[in-house]
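Heads up: the structure comes next, in structure tokens.
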Amino acid sequence: MTREKLSREAVAALLAGLDGWALAADGKSISRTFDFKNFSEAFAFMMRTALAAEKMDHHPDWSNVYKTVNVTLNTHDADGLTALDFELAKKMDRIAGN
Ligand SMILES: C[C@H](O)[C@H](O)[C@H]1CNC2=NC(N)=NC(=O)C2=N1
């Protein structure tokens, strides 16, 4: 199941396949800061991500200040990281154009 908590080893392997994402000290979430050219670009990224997240029924914890979007991903249901978090991280990287 995609909502099953991943082992430390699985998390490390999946994290190695991502760029710019950092594992929290407690191992329960991953975070990344996205920087855009301006507010419109940042908000377009959030809009596209919102649609993708709804489809997945998996949602980011995030905040936006001007052209910066700070994102934290985890699976509340599993109290940790699942395959869904890494799937959403990859989608967000693609939407952001990297
Ligand atoms: C009932 C619903 O499917 C759950 O609350 C989903 C919705 N979106 C979610 N998003 C995230 N990030 N973690 C979850 O555990 C989660 N659970």
### Query
Scanning region 1-19 for residues that are of a type in the set (Lys, Arg) and within 16 Å of the ligand (Cβ to nearest atom), which turns out nearest to residue 87 (Cα to Cα)?
3
### Query
Does region 86-96 contain at least one residue that is of a type in the set (Lys, Arg), free of Cβ contacts under 8 Å to residues at least 40 places away in the same chain, over 22 Å from residue 6 (Cα atoms) and surrounded by fewer than 16 Cβ atoms within 10 Å (Cβ to Cβ)?
yes
### Subset of region 16-62 that is in contact (Cβ under 8 Å) with a residue 40 or more places away in the chain and in a helix (DSSP H, G or I) - its residue that is farthest from residue 3 (Cα to Cα)
45
### Message
Which count do you get for residues in region 56-84 that are under 14 Å from the mean Cα position of the chain (by Cα), aliphatic (A, V, I, L, M) and surrounded by fewer than 19 Cβ atoms within 10 Å (Cβ to Cβ)?
### Response
2
### Query
In the set 24, 44, 53, which member is surrounded by 12 or more Cβ atoms within 10 Å (Cβ to Cβ), over 11 Å from the mean Cα position of the chain (by Cα) and within 15 Å of the ligand (Cβ to nearest atom)?
24
### Query
For region 44-83, how many residues are over 16 Å from residue 30 (Cβ atoms) and of a type in the set (A, V, I, L, M)?
7
### Message
Suppose we filter 77, 61 for residues that are modelled with pLDDT under 95, within 12 Å of the ligand (Cβ to nearest atom) and not aliphatic (A, V, I, L, M); which single one remains?
### Response
77
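The values are calculated or read from the model by the stated rules, or taken from the named source; none is laboratory data. Values in this document were obtained by computation on a predicted structure and should not be read as measured data. Here Cβ is always computed from backbone atoms with ideal geometry, including for glycine, and neighbour counts include all displayed protein chains.
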